[in-house]
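What follows draws every value from the coordinates through simple rules; no lab data is involved. All figures in this text were calculated on a predicted structure; none of them were measured in a lab. For neighbour counting, all protein chains shown are included, and Cβ atoms are generated from backbone atoms with ideal geometry for every residue, glycine included.
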Amino acid sequence: MSQPVVVVTGSSSGFGLHTCLAFAKAGYRVVATMRNTDRGEELIQQAALLNVGDSIHVYPLDVTSEQSIQSWKGYMEQIGRIDILVNNAGYAGAGFVEEIPINEYRKQFETNVFGVISVTQAILPMMREQKLGKIINISSISGRIAFPGLSPYIASKHALEGWSESLRLEVKPFGLDVILIEPGSYQTNIWSTGKQVTERSLQIDSPYYPFMKKLEALLKEGESSFGEPNEVAQLIVKVAKQKNPPLRFPIGKGVKQGIALKHLIPWQMWEKIFLNKLK
């Protein structure tokens, strides 16, 4: 089989959907995984319009289910190779720390962190034996810069960043690369249908309710400058083709500047600048 094989998790929408299409157009055989394959209709339709339908294979995968991962792993063993794994499945948990039940934090980490670990562990033996492969983890600017009202998501992306650093150092001697893609704000559904705000923080009698409304207004105000998700998909394909790529790829309006500024100025100044935006 001459076509290189890429596996993309969370492929039903957003970065995952666009990444599947971009890889198919670039000549890859794409295994597009998603928890509910009924939601794969848009991907299938767009693939047909681009004449790459034969290159995309939809397969059910719930990254939080060991049974589902084992079933998917069996399918991968039948294919016989995996060249690229894109860990994209995830969602954004939101609310204020005082009001978020601990089980909501656990649920966030089950998908955004433990799901990534489980899927990666399943493919590592094959990639290691191949002495070839790239593991591309979709992080976020939120993995480098914290924001109020998003602590479950922020914490999960910070964890993903540290875990990816460790993994990269472990597998580099086997010829494998680990890469972090760190998007800023893009027109995906993670901030609409993908965002899960804890119930208490949405109630008008919450002490944090005014803060929540200001954050929502700030997010709404910036929507016009959100980037196109295909931009991130094209970067992912470009990175997949690189030899010895660096660990981190920040992308999006103001992302590199924001990360640099946070590391250059004292925390007290950073805090003042940030909180002034919410007055």
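Figures for the structure shown
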{"quantity": "Fraction of beta bridges assigned by DSSP in region 5-276 that are antiparallel (%, nearest 5)", "calculated": "0"}
{"quantity": "Residues of type lysines that Lys131 reaches as a straight line, Cα spacing below 17 Å, ignoring anything fewer than 8 places off in the same chain", "calculated": "Lys172, Lys241, Lys243"}
{"quantity": "For region 8-40 versus region 208-224, the gap between their alpha-carbon centres in whole angstrom", "calculated": "31"}
{"quantity": "Rg/Rg_ref, the chain, where Rg_ref = 2.2 N^0.38 Å and atoms are Cα", "calculated": "1.02"}
{"quantity": "Ranked packing of 110-116, 163-169, 224-230, most packed first, by mean Cβ within 10 Å", "calculated": "110-116, 163-169, 224-230"}
{"quantity": "The chain - percent relative contact order, Cα under 8 Å, separation 6 or more", "calculated": "20"}
{"quantity": "Solvent-free Debye scattering, log10 I(q)/I(0), computed from the Cα coordinates of region 1-101 at q = 0.16, 0.19, 0.22, 0.24 Å⁻¹", "calculated": "-0.66, -0.88, -1.12, -1.29"}
{"quantity": "Expected 222 nm ellipticity per residue - DSSP helices of 4 or more, -39500 (n - 2.57), all of the chain, to 500", "calculated": "-14000 deg cm²/dmol"}
